[in-house]
Amino acid sequence: MVSTDAARSRPGRAAHIERLRRFGLWIVLVVVVVVLAVASPTFRDVDNLLNVLQQNSIIGIVACGMAIMMISGGFDLSVGAIGASSSVLGAVVAQAGGGDAAIPAGIGIGLLIGAINGFFVARVRINAFVTTFAMASVVAGLLFVATTAQSTVASSPAIDLLGAGAVGPIPIVFLVFVAALLVVWLLLSRTKFGHYVYSVGGNAEASRLSGVPVQAVQLLAFVLGGGFAGLGGILLLGQTQVGQPSAAATWPLNAIAICVVGGVALTGGVGRIADVFAATLLLGVIANGLNQLDVSSYWQPAVTGVVILGAVILDQINRRRRSAAVRAVDTSTPTLAAAVATEESGVHPTLR
Amino acid sequence: MTHQRLEIEGLCKSFGSTPVLEDISLSIAAGEVRALIGQNGAGKSTLVKTLAGLYPDFDGVVRVDGRPVLLRSPRSARSEGIAVIHQEFSLVPGMTVAENILLGREPGRVVYRPSRIRRLVAELVDRIGISVGAALDTLVDDVGPAIRQRIEIVKALADDVSLLIMDEPTARLSKSERAELFDLMAELTSRGVAIVFISHYLDEVSDVTDSITILRNGRLVETRSTADTSVDTMASLMLGVSFQRALEQEEGVDRASDDSEVVLRAERISSGERLHGVSLNLRRGEILGLAGLVGAGRTRVCRALTGADRISSGALVLQGRPVVFGSPRAALSNGVALIPEDRRWEGLGMEATIAENLSLMALRSRLGRFGFVPRRRVSALAQGLVEQLQISPPALDTPVGTLSGGNQQKVLLGKALAARPDVLVIDQPTAGVDIGTKAQIHRVLRRLADAGTAVLVVSDDVEELYALSDRVDVMVRGAVTWSGRRSQLDYDRLLELISGATVSGAKGHQQP
Ligand SMILES: Nc1ncnc2c1ncn2[C@@H]1O[C@H](COP(=O)(O)OP(=O)(O)OP(=O)(O)O)[C@@H](O)[C@H]1O
Ligand SMILES: [Mg+2]
């Protein structure tokens with residue numbers, strides 16, 4: 001086998017950077033947890049740690065949907081409005097004696113609003129910012145009118161169990177979150193739809209030329225995003241026992257923040273669901289840790305902001321290093337011999 | 001009578017109220033290679049895209065093997081056996097070579113298995129017998145334009161094809177890669193595949209096609225046999241009455257002079273693994289042609305000179321001062337501009353207008369201070385460039401995404417010209433532009449040199465390079481092997497030098 005320098009050096013360096021990318025966020029998470037555990041006895045208390053899982057699972061589920069939309073090249077500012085409508089509708093259904101039918105009702109309204117968003121973005125080609133921003137106001141407005149801004153106190157046993165129950169020590173919402181992660185991971189890595197989510201986000205025009213059903217993919221991404229936000233709304237109802245039209249206002253930006261920290265590109269085409277998981281935990285742990293250390297709550301948004309910026313900067317540096325490692329081989333056409341040699345050397349990292 | 005693969009009758013296509021194709025009728029037989037030629041903006045790509053199923057709202061009738069077809073989507077076109085290699089790359093960054101080759105036609109309905117994709121592509125490559133030239137799980141972001149072109153070809157052949165349409169497939173290929181492509185075409189036609197071949201290289205057209213269809217302003221001028229059509233006839237049919245004026249070449253004056261000032265000097269620069277201690281002098285008011293085979297490192301030199309790639313050893317000296325350019329932007333603010341080889345990939349703002357794109361590079365240096373940009377100056381600047389480069393349609397508010405491929409190239413060229421650089425480095429100045437415009441771009445570059453700019457040109461078209469340059473440097477495998485005045489070099493000698501033949505008795509000086 002002919003082996004050139006190019007064939008040897010490139011997988012070596014790029015793979016190293018690739019490993020850093022893959023596990024970087026988890027390493028940061030472990031370091032932060034260890035530091036906080038040492039610094040604060042209340043933080044390392046098991047009940048507190050379980051509490052972190054309980055409190056961050058819902059936003060994590062919303063972020064799962066957001067990740068699909070962002071990888072496909074869009075994003076959704078109406079997930080908060082969707083969450084509020086879902087929990088209000090769930091409460092209303094439960095109050096009317098519908099019982100557990102509240103669950104499909106809440107998820108259904110999420111899917112529906114997601115479909116409307118998707119229609120405007122994919123079909124009418126209005127950009128995602130404008131569409132979902134407008135959708136958020138419209139839905140929130142309608143919700144206040146329909147409820148005359150009153151909260152509805154009602155729930156069902158199943159909803160309570162999902163939102164606030166536990167299996168042994170483990171909160172059920174966290175199990176739901178893990179299930180959501182698994183579903184999205186399977187969707188993105190093992191289905192054609194997921195593959196097309198990446199291709200549409202990477203280059204929509206090229207995908208269209210290649211025969212990818214671009215509009216259907218974008219539409220479905222928004223439908224799923226809405227569905228996860230609807231599920232989040234139901235779980236919120238389970239935790240609070242009350243459907244509040246003003247709830248969930250912070251979801252859109254928090255979910256986007258989680259995705260960004262998790263390395264999902266705002267420009268689309270890039271992102272891994274495992275990192276969304278790590279990012280959810282990281283942001284949750286930091287918020288909780290600051291609390292335990294009695295840091296004024298005014299500081300928390302600033303710290304979160306710094307974490308987001310830090311993640312983005314790290315990502316940029318990684319990407320630049322990686323393309324430098326690749327450039328070092330050559331940008332111009334390699335000779336066929338070199339290309340064959342690279343082919344034989346086998347191992348090649350991919351971004352995902 | 002031979003069997004007709006494709007028949008088109010009365011095809012019309014318009015965008016809004018602007019007709020782009022009017023009443024096109026033609027037919028292509030099985031096993032025939034048909035050239036489609038015409039100026040930039042004549043409507044070639046529009047015809048291709050219609051056949052690819054991208055414009056289902058066309059009027060007229062299209063038949064494949066005698067059956068009328070609807071062509072409602074890329075999928076439906078492909079299921080009729082029509083495969084298309086588009087002028088723009090249809091590759092998705094962040095995905096591997098294999099994923100790109102099968103994009104849009106992965107097996108199965110729901111489930112996607114990466115390992116299966118890879119195996120299928122390996123089998124496919126074996127079956128059609130052309131190598132991609134890169135590992136199948138390399139990211140497409142990491143391969144050069146020639147390999148991207150091969151990926152497109154393999155991708156187009158992934159299904160059974162009865163009609164293969166190639167929109168300027170050779171624009172980015174080296175000579176040997178072109179030869180390979182032509183062999184492949186011959187093999188396909190022997191199996192009865194009909195081929196539509198679009199190119200602005202008319203000698204290529206006359207070598208590899210059986211018949212020629214000429215388009216002008218969206219209308220079909222004529223279809224004739226290649227055997228009795230000379231390159232001059234093709235040009236005159238394409239360009240119509242403007243033929244003579246467009247092709248007029250200015251007599252090449254020799255601007256080279258030993259006492260012209262060196263504006264930018266590269267001293268033994270190395271970069272990456274392909275460039276070893278290259279020295280060059282770019283002189284005020286002269287055009288330097290950098291000759292060499294694909295892979296000789298010319299693109300690397302262009303990028304290293306302009307801050308696009310890092311220099312690992314050696315130095316750049318700009319007007320007597322040593323400089324380090326950390327980025328193309330830093331180079332630009334020092335008056336050194338690059339027009340890169342792979343222009344589409346590096347990107348234009350497709351949604352933005354002609355005027356906005358043209359003024360982008362000039363914004364910082366020339367148009368305004370303190371961030372204010374007077375609109376009038378933007379449009380005056382853009383208007384001048386549109387006229388100079390004959391960009392069509394000439395309306396400044398046209399979104400660049402709707403321009404024909406060749407006209408997009410002109411916008412990119414104009415963008416760099418607008419910055420009025422002291423040093424202009426241009427990699428493949430005329431790839432994808434029609435012969436009329438090519439002469440015009442040559443005129444623009446000459447005038448730029450006459451006005452004092454130092455110009456560095458890299459071109460795979462050796463005739464072009466020879467005609468344009470005042471001085472020539474020849475590169476072989478990452479090093480400059482010959483350097484001297486163009487007037488001391490005849491054309492055949494230049495070809496020899498490029499191919500790396502041992503240098504003997506050249507009048508220019510050799511470098512170690
Ligand atoms: N989507 C669009 N909207 C509006 N006009 C368009 C669109 N696409 C193409 N056109 C116009 O149609 C005309 C024909 O363009 P086309 O791309 O078919 O030219 P071409 O013959 O392929 O040229 P080139 O040699 O430069 O590639 C041009 O005037 C172009 O501006
Ligand atoms: Mg074209």
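Placing unit charges on the Cβ atoms of the charged side chains and taking the dipole of the range B:6-124 about its Cα centre, the candidate lying farthest along the positive direction among B:ALA77, B:VAL64, B:VAL110 is B:VAL110. Take every Cα pair under 8 Å whose residues are at least 6 apart in sequence, average their separation, divide by the length of chain B, and the relative contact order is 15 percent. On the principal axes of its alpha-carbon atoms, the range A:36-78 has extents of 43, 17, 14 Å, going from largest to smallest. Contact residues in the range A:207-245 by the 20 Å² criterion (accessible area, 1.4 Å probe, full protein complex versus chain alone): A:ARG208, A:LEU209, A:SER210, A:GLY211.
Element breakdown for the range A:38-326 at a 1.4 angstrom probe: carbon and sulfur atoms account for 69% of the accessible area. Interface residues of the range B:65-101, defined as those with an accessible-area decrease of at least 30 Å² between the chain by itself and the complete set of protein chains (probe 1.4 Å), are B:PRO74, B:ARG75, B:SER90, B:VAL92, B:PRO93, B:GLY94, B:MET95. Sequence-distant contacts, meaning Cα pairs under 8 Å at least 6 residues apart, place the relative contact order of the range B:29-169 at 29 percent. A Cβ-based charge dipole, computed about the Cα centre of the range B:249-499 with Lys and Arg at +1 and Asp and Glu at -1, lands at about 1060 debye.
Subtracting the Cα-Cα distance of B:SER176 and B:SER14 from 0.36 nm times their residue separation leaves 54.4 nm of extension gain.
Please state the shape class of the range A:147-233: rounded when a/c is under 1.5, otherwise prolate if a/b exceeds b/c and oblate if not, all from the C-alpha gyration tensor. Taking the square roots of the gyration eigenvalues as a ≥ b ≥ c, the range A:147-233 is oblate. As a fraction of the 1.4 Å probe accessible area of the range B:4-239, surface on carbon and sulfur atoms comes out at 47 percent.
Relative to the longest principal axis of the C-alpha atoms of chain B, give the angle of the C-alpha long axis of helix B:435-450, reported between 0 and 90° and rounded to the nearest 10°. So the helix axis and the longest Cα principal axis differ by about 10 degrees. Normalised per residue, the accessible area of the protein assembly as shown is 42 Å², obtained with a 1.4 Å probe and no contribution from ligands, DNA or RNA.
In the range B:249-499, carbon and sulfur make up what percent of the accessible area (probe 1.4 Å)?
Summing carbon and sulfur atoms, their accessible area is 49 percent of the total for the range B:249-499.
Over the protein assembly as shown, dividing the summed -39,500 (n - 2.57) contributions of all DSSP H runs of at least 4 residues by the number of residues returns a 222 nm mean residue ellipticity of -15500 deg cm²/dmol.
Ordered from longest to shortest, the equivalent ellipsoid semi-axes for the protein assembly as shown are 53, 33, 26 Å, each the square root of 5 times a Cα gyration tensor eigenvalue. So how much accessible surface do A and B hide from each other in total, probe 1.4 Å, in square angstrom to the nearest 100? Separately minus together, A and B give about 3700 Å² buried. Between A:VAL306 and B:ASN217, the C-beta separation translates, for a Förster distance of 60 Å, into a calculated FRET efficiency of about 0.50. Sparse packing (at most 14 other Cβ atoms within 10 Å of the Cβ) combined with a DSSP loop state is found for the following trypsin sites (Lys or Arg not before Pro) in the range B:172-241: B:ARG191.
The residue list A:SER151, B:ILE195, B:ALA135 was ranked by how far each Cα lies along the charge dipole of the protein assembly as shown toward its positive end, using unit charges on Cβ atoms, and A:SER151 comes out on top. Loop sites only, by DSSP: take the chymotrypsin sites (Phe, Trp or Tyr not before Pro) in chain B that have at most 13 other C-beta atoms within 10 Å and name the longest stretch containing none of them. Looking at chain B, B:1-369 is the longest stretch - no exposed chymotrypsin sites (Phe, Trp or Tyr not before Pro) with at most 13 other Cβ atoms within 10 Å.
Given +1 at the Cβ of Lys and Arg, -1 at the Cβ of Asp and Glu and no other charges, the dipole of the protein assembly as shown around its Cα centre is 1660 debye to the nearest 20.
The values are calculated or read from the model by the stated rules, or taken from the named source; none is laboratory data. Fair warning: this is a prediction, and the values are worked out from it, not measured in the lab. Using ideal geometry, Cβ is built from the backbone for each residue, glycine included, and neighbour counts are taken over all protein chains shown. Keep in mind that these areas ignore ligands, DNA and RNA; they rest on the heavy atoms of the full protein, side chains included. Shrake-Rupley method; radii C 1.70, N 1.55, O 1.52, S 1.80 Å.
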